[in-house]
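Here is the structure we will look at.
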Amino acid sequence: MDEPLRDKQTLVIKLRDRILDLIRDASLKPGDKLPTEAELTQRFRISRPVVREALKLLEQDNLIYAEHGRGRFVSPMSAVQVDRPITVFESVTDMVRHYGYEIVNKVLSIAEEAPDELVARQLQMRVSDRVIRIERLRLQRDEPIMYCVDYVPRSLISARLYDIDWSGSLLALLEEHKNKPRMSAASVSAVVLPNDVVERNDLRDFGPALLITETCFNAAGIPVIYAIDYHRGSHFSFSLARK
């Protein structure tokens, strides 16, 4: 029997990955039937609601499909083997752990300000509204591997800025404030860090980067984070599955 899952913060995502492992380890092919919810609950020793959420994520990625009254089945997309599909929505912490990194978040700046036109458009705000801007470095053994700027509508966070530990997970913070991100729309491009960022933070050795800009939405479809993440090109690669 599989080891039980314990980490509540990433429970659903971990279970989704375990079910994918089950599909591959059992050599299930497109059209093969998955174990039932009850069987998965028993196998992984976890609650049925968590099982359902994990299965829902797999359905959203078109890796499985459901037929009413018959169960869930492996889809043709499951035959496409990608190391880390960029379509997966997860926290930065979960993503970098997949690469074997245990990062430390270093807060460079935190401020409340008026959004520029781009940020206001991405967060569906007026330029007269206020946002919280969080600038951070992600470090692996004191080496910077990501430079990140996140914008969050000020109206979503009731606490004073200096009362919050901004080195933690933004997803967890927004969950505490009843605005947990559920999905996102992102774009990717190959760039170098802006010169002012390099000079201001002594990042001359950062090199080429994969820039992912991402707008995250809560369950109601309201944007709650606009993220600008520069992934150090020497440390990250992403895979794509087109469908």
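The values are calculated or read from the model by the stated rules, or taken from the named source; none is laboratory data. Not measured: the values here are computed from a predicted model. Counting neighbours? That spans all protein chains shown, and the Cβs are built from the backbone with ideal geometry, glycine included. Quick note on the areas: whole protein, heavy atoms, side chains included, nothing else; ligands and nucleic acids left out. Shrake-Rupley method; radii C 1.70, N 1.55, O 1.52, S 1.80 Å.
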Inset, instruction - Specify the angular offset, from 0 to 90 degrees and rounded to the nearest 10, of the alpha carbon long axis of helix 48-60 from the longest principal axis of the alpha carbons in the chain. - result: 80
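How large is the dipole of the chain about the Cα centre if only Lys and Arg carry +1 and Asp and Glu carry -1, each at its Cβ, rounded to the nearest 20 debye?
Computed about the Cα centre, the dipole is about 800 debye.
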Inset, instruction - Provide the solvent-accessible area of residue 163, counting protein heavy atoms only and rolling a 1.4 Å probe, rounded to the nearest 10 Å². - result: 90
Inset, instruction - Among 30, 194, 115, determine the one that fluctuates most according to a GNM of the chain built with springs between C-alpha atoms less than 10 Å apart. - result: 194
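Express the accessible area of the chain per residue in Å², computed with a 1.4 Å probe while the remaining protein chains stay in the model. Present the calculation step by step, with values, prior to reporting the outcome.
Details: 13490 Å² over 243 residues.
I get 56 Å² per residue for this part.
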Inset, instruction - Express the carbon and sulfur contribution to the solvent-accessible surface of the chain as a percent, rounded to the nearest whole number, probe 1.4 angstrom. - result: 49
Inset, instruction - Taking the chain as the reference, fit the longest principal axis to its C-alpha atoms, fit the long axis of helix 11-25 to the helix C-alpha atoms, and give the angle between the two in degrees, 0 to 90, nearest 10. - result: 50
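Give, in nm to one decimal, the length gained when the segment between residue 142 and residue 68 is fully stretched (0.36 nm per residue of separation minus the Cα-Cα distance).
This chain segment gains 21.5 nm when fully extended.
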Legend entry - Length added when fully stretched, residue 108-residue 158, from 0.36 nm per residue minus Cα-Cα: 15.8 nm
